[in-house]
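The values are calculated or read from the model by the stated rules, or taken from the named source; none is laboratory data. If you're wondering where the values come from, they're calculated on a predicted model, not measured in any experiment. Neighbour counts run over all protein chains shown; Cβ positions are idealised from the backbone, glycine included.
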Amino acid sequence: MAPEIVSRKEYNHKVDIWAIGVMAYIMLTGTPPFFHENQDKLRQIICKKEPEYPNSISKEAQDFLRRCLVKDFKQRADISELMDHPWIKKVYEKELHNEKKLEIAKSLASF
C-alpha cells in the first residue's frame, strides 16, 4: 500500500504509480521493497524508510523505482514521466529490436 493510503491521507491516481514501483522492485529483486511480519511495523516502514537498492539493479532501473516509490504522492512521477524514462525506453527499444529480428526470421523462413 502507498504511504498515503497507510496514513489515511488524501490520495489520487498516483497510488497506482506506487504499485507499479512495488511490482517492478519485486520483479527485479525477488523481494518486496518493504517487509515486516508485524502489519503495524510494516505500515511504519512504508511511511518512514526508503527501500534499499541492490547493486545488481542498473542505475537506470534504480532511478525508475525511486521515481515510483516517492513517499509524497505530489512529488511522485506520473505515467507520462515513467513512459519517457530512459529505463523504459531502453527496454522498449530492446523488445522492438527483438520483434524486428523475429519478423525478418519469419520472412526468411518463408522462402
Which numbered condition trips up LYS106, out of (1) at pLDDT below 90; (2) touching a His at 6+ places or on another chain (Cβ under 8 Å)? (2)
Unique residue being polar (S, T, N, Q) and within 11 Å of LEU28 (Cβ to Cβ) when the list is GLN62, GLN75: GLN62
Counting only residues that are under 14 Å from ILE20 (Cβ atoms) and outside any helix (DSSP H, G or I), segment 59-79 contains a total of 6
How many residues are assigned to a helix (DSSP H, G or I), of a type in the set (S, T, N, Q) and under 16 Å from VAL6 (Cα atoms) when one looks only at segment 20-58? 2
